[in-house]
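The values are calculated or read from the model by the stated rules, or taken from the named source; none is laboratory data. The structure presented is a predicted model; accordingly, all values stated were derived computationally and were not measured. Cβ: placed from backbone, ideal geometry, glycine included. Neighbour counts: every protein chain shown. Heads up: the accessible areas ignore ligands, DNA and RNA and are worked out on the full protein's heavy atoms, side chains in. Shrake-Rupley method; radii C 1.70, N 1.55, O 1.52, S 1.80 Å.
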2 protein chains.
Amino acid sequence: MGPLRIDPVAEARRHWEERYGDEPARPMAAVTSIMRAQQVLLARLNELVKPYNLTFPRYEALVLLSYTKHGELPIGKLGERLQVHRTSASSIVAALEQDGFVVRTPSTRDGRATLAVITEKGRAAARAATQDLNDAEFGLDALTPDQHELITGTLRTLRLDAGDFVA
Amino acid sequence: MGPLRIDPVAEARRHWEERYGDEPARPMAAVTSIMRAQQVLLARLNELVKPYNLTFPRYEALVLLSYTKHGELPIGKLGERLQVHRTSASSIVAALEQDGFVVRTPSTRDGRATLAVITEKGRAAARAATQDLNDAEFGLDALTPDQHELITGTLRTLRLDAGDFVA
């Protein structure tokens, strides 16, 4: 999909201001900006990790696993941490297993749970993709360091309020 | 899914700073913030429009249609404007049709294209949902008006750079 010829957020805001006034138009524009920014960013990040046979959600799963002490997490827990439903977590892990980046194994602690365990190949792919993402400033190189901090700080308030985590 | 006990963005940032330094950790934290904020916001917005048998993406489609001169758009065009693939646009329209919010009709201008046309029932649902969303400040009531503007302005730079629209 090519770029639109007009800023869809500015256009929606104009409609909102005409019908409902400036007040409700302001948060509407902010919400729509977050939604659209997420979509264009995800496309860009998927492109950046594609050479490693990864998508950004699969990359995130690998990174999470690589942080853990034994390189493993129950799939349910992985889904919680990634904010995705169990079925999505399962398909992410299945895709990673197909490429040899993780293996699935029954948990010894909980017989019903399945663990995703990162392989050496998975760690290498995560490292290489990380290098490229770091070099590309995770697709945010159009923004200044101050703007990065501003986004992180402002959205932290929002995430806390919306129940992403407890402070 | 309940809230996590620690801020996942802060935790990822700590790992990044340890391994790669402060520089790459900053955009990584900002990107992860945008991704997670989008997910918690979408859940909240879906909840807000649920009483009207809508999801937020379906609500967005109705609003877009209601802006047009004749209340109609080709489904392909609707998808472009919503930043979703044709198949997603088709299933959004199919769901809206099932509830009587739109009807599908062949385009008289282009025989191969199908138009989505908003119904009176669809307009009423969009208006009622808009009232609730405006009252809830689109889920962004934890932020100040200045923070709303800051998000919109900063993400505009990003969206422009990432090809969401041309200035």
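Descriptive notes on the structure:
- Under a 5 Å amide H cut-off, with hydrogens placed 1.01 Å from N, B:Leu73 pairs with B:Ala116 among residues at least 5 apart or on other chains.
- Cα-based convex hull, the range B:61-102, per residue volume (Å³, whole number): 55 Å³
- Tail weight of P(r) past 36 Å, computed on alpha-carbon pairs of the protein assembly as shown, percent: 24 percent
- Helical mean residue ellipticity (222 nm; -39500 (n - 2.57) per DSSP H run of 4+; nearest 500) of chain A: -21000 deg cm²/dmol
- Accessible area per residue, Å², the range B:47-91 with all protein chains present, probe 1.4 Å: 51 Å²
- Among the trypsin sites (Lys or Arg not before Pro) in the range B:96-167, those placed in a DSSP loop whose Cβ has at most 12 other Cβ atoms within 10 Å are B:Arg109, B:Arg112.
- Summed over both chains, the contact between B and A buries some 7300 Å² of accessible surface at a probe radius of 1.4 Å.
- DSSP H segments from chain B that extend 30 Å or more along their own axis, Cα-based, with Kyte-Doolittle mean of 0.0 or above: B:22-49
- Here the range B:1-52 has an Rg and Dmax of 14.5, 48 Å, counting Cα atoms alone.
- Note on B:Asn46 and B:Ser88: their simple-model spin labels are 1.3 nm apart, each label 7 Å out from Cα toward Cβ.
- Taking every Cα-Cα distance in the range A:53-138 and sorting them into 5 Å bins starting at zero, the pair-distance distribution P(r) comes out as 3, 16, 28, 26, 17, 7, 2, 1, 0 percent.
- Distance between the modelled labels on A:Ile6 and A:Asp141, one decimal in nanometres: 3.3 nm (7 Å Cα→Cβ projection).
- By accessible area, using a 1.4 Å probe on protein heavy atoms only, the protein assembly as shown has 50% of its surface on carbon and sulfur.
- Calculated translational diffusion coefficient of chain B (10 °C, 1.306 mPa s; Stokes-Einstein with Kirkwood radius over alpha-carbon pairs) equals 86 µm²/s.
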